[in-house]
Amino acid sequence: MPSYPASNEGKAALQKVIDAFHKTYPNVKVEPDFATFATLNEKISTSIASGQGYDVYVTGIGWIPPFASKGVFKDLGEFGVTNDNLNKGAAPALSAAEYNGKIYAVPLIFGPKPMAYSKKAFAAAGLDPSKAPQTWADLREDAIKLTKRDGGKLTQAGFDFWAPPTSYRQDFVTFLGALGQPLYKDGKPNFATPEGEKALNEMSSLINDDKVSDFGLASPDGQPLVFTGKAAMGVAGGYIDCAKVGQARCDDLTFFNLKEQDTAMFSGGQLASVGAQSQLPKASYDFIKLLSSPEAASDIAKLNFGVPAVDGADQLDVVKSNPASAFAATQLDHMVFEGGSTNWLEVRNNFGAQLDTVLLGKADAATVLQGLASK
């Protein structure tokens, strides 16, 4: 259960689901494993090898094909789940829940990453604060004007990728999506293409030619620099704590998504599956239905700074409480995400490091992307 941290708050939120579950299944003991996404792959792999799989798995977007292909998850069609009756709020992540035309997971929350800019910084740079950049040309032109350096030292990033080293993978998915292309298509790599090269070279140009950011720039606490005021514009999270950053900063931000040929907003997410080895499959699926209820999904979203994957998410308090979530909830139809192949969990470990070689000017985009596609 990476959805719930092993904290008092996380345990209390999960207990509400367990209490609701026990109204129907009073004699079924629930033993949560408070895994993290850093340990999840290893835990699942170990459980498979030992023959003692979990009843319920919560994984991330991109994780379904790798494990569904190994027979780890049950086809939810066994419980009557279809494209038509799955919660409509989960529809943007439906393709991430499928493998070979079957549904293996129920989306719980989205982890969107829209972009944002400071209206004050726009005005100070002579830009129109009411006009968000749309195309790459717009973004580059605005970012250059917004960048401030003192003796070569960056004092205000014109654009923040919100990515420490080896972590530009999701930005690449966004830029590729802005060209109307997914990372994988029909389970095959779709990035070693002219569009993939164009997307990666555009990212490289922002860093190396336009110098609107420094490679690997990141805040000590992991927040997007546009939230901390260290960047005038950049990739943002799908949640901002206005009490923490100050209401003035929240009011100063405008959220937007990039569009070259298509509008694209990267999103991660969490999905719940029934274990193929479960001896209580019906109870496990009923537990997942509780996890995906508006109340439980709201709790998970709050704990993970996400947006619930439920109908009417834009009207939930956890979404309306901050401008990042409020904007992202209206943009879920433009989601682009990682994964799409059965070997994604192996490939992704090297993906970010290989992109770095291009962003550092040590390799060309075509060679790197072709190499990744051959894995």
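Here are the numbers for this structure:
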quantity	calculated
Residue that is farthest from residue 235 (Cα to Cα) [pool: residues in segment 143-153 that are at pLDDT 95 or above and open to solvent by 20 Å² or more (accessible area, probe 1.4 Å)]	150
Long-range neighbours under 6 Å by Cβ, at least six apart or interchain, first residue farther than 20 Å from residue 69 by Cα within segment 32-56, second open to solvent by 50 Å² or more (accessible area, probe 1.4 Å) and of a type in the set (A, V, I, L, M, F, W, C)	34/6
Output for segment 227-277, where each listed residue is hydrophobic (A, V, I, L, M, F, W, C) and touching a Gly at 6+ places or on another chain (Cβ under 9 Å)	227, 231, 232, 233, 245, 258, 264, 265, 266, 271, 276
Those residues of segment 143-168 which are farther than 25 Å from residue 337 by Cα and part of a strand (DSSP E or B), in sequence order	148, 149, 150, 153, 154, 155, 156, 157
Which numbered condition residue 311 fails, given (1) in a helix (DSSP H, G or I); (2) touching a residue at least 60 places away in the same chain (Cβ under 8 Å); (3) open to solvent by 10 Å² or more (accessible area, probe 1.4 Å); (4) not polar (S, T, N, Q)	(1)
From the options 287, 327, residue that is in contact with a strand residue (DSSP E or B) (Cβ under 8 Å, 6 or more places away or on another chain), part of a helix (DSSP H, G or I) and open to solvent by 40 Å² or more (accessible area, probe 1.4 Å)	327
Test: residue 144 is more than 26 Å from the chain's Cα centre (by Cα) and among the β-branched types (Val, Ile, Thr)	yes
Close pairs from segment 115-141: first free of Cβ contacts under 8 Å to residues at least 24 places away in the same chain and surrounded by 15 or more Cβ atoms within 10 Å (Cβ to Cβ), partner outside any loop (DSSP other than H, G, I, E, B) and among the aliphatic types (A, V, I, L, M), Cβ under 9 Å, at least 6 apart	124/146; 127/121; 127/146
Filter result for residue 175 (under 14 Å from residue 214 (Cα atoms) and either surrounded by 23 or more Cβ atoms within 10 Å (Cβ to Cβ) or among the aromatic types (Phe, Trp, Tyr) (or both))	no
Every pair of residues 6+ apart whose Cβ atoms lie under 6 Å, when the first sits in segment 58-85 and is touching a residue at least 40 places away in the same chain (Cβ under 8 Å) while the second is among the charged types (D, E, K, R)	62/338
Tally of residues being assigned to a loop (DSSP other than H, G, I, E, B) and surrounded by 17 or more Cβ atoms within 10 Å (Cβ to Cβ) across segment 228-241	7
Matching residues, segment 41-82, being at pLDDT below 95 and either in a strand (DSSP E or B) or of a type in the set (Lys, Arg) (or both)	43, 70
Residue check for residue 171: within 22 Å of residue 342 (Cα to Cα), charged (D, E, K, R) and in contact (Cβ under 8 Å) with a residue 12 or more places away in the chain	yes
Subset of segment 6-24 (residues that are at pLDDT 95 or above and open to solvent by 50 Å² or more (accessible area, probe 1.4 Å))	8, 9, 11, 12, 15, 16, 19, 22, 23, 24
Residue in segment 87-110 that is of a type in the set (Asp, Glu) and closer than 30 Å to residue 162 by Cα present	yes
Test result for residue 29, surrounded by fewer than 19 Cβ atoms within 10 Å (Cβ to Cβ) and at pLDDT below 95	no
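One line per residue, one yes/no per condition, for (1) surrounded by fewer than 23 Cβ atoms within 10 Å (Cβ to Cβ); (2) assigned to a loop (DSSP other than H, G, I, E, B); (3) of a type outside the set (Ser, Thr, Tyr); (4) touching a His at 6+ places or on another chain (Cβ under 6 Å):
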{"position": "205", "(1), (2), (3), (4)": "yes, no, no, no"}
{"position": "216", "(1), (2), (3), (4)": "yes, yes, yes, no"}
{"position": "219", "(1), (2), (3), (4)": "yes, yes, no, no"}
{"position": "226", "(1), (2), (3), (4)": "no, no, yes, no"}
{"position": "243", "(1), (2), (3), (4)": "yes, no, yes, no"}
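The values are calculated or read from the model by the stated rules, or taken from the named source; none is laboratory data. This one's a predicted model, so the numbers in the text were calculated from it and none came from an experiment. Note: ideal-geometry Cβ built from the backbone for every residue, glycine included; neighbour counts use all protein chains shown. Each accessible area value is taken on the protein alone, full model and side chains, heavy atoms only, with ligands, DNA and RNA left out. Shrake-Rupley method; radii C 1.70, N 1.55, O 1.52, S 1.80 Å.
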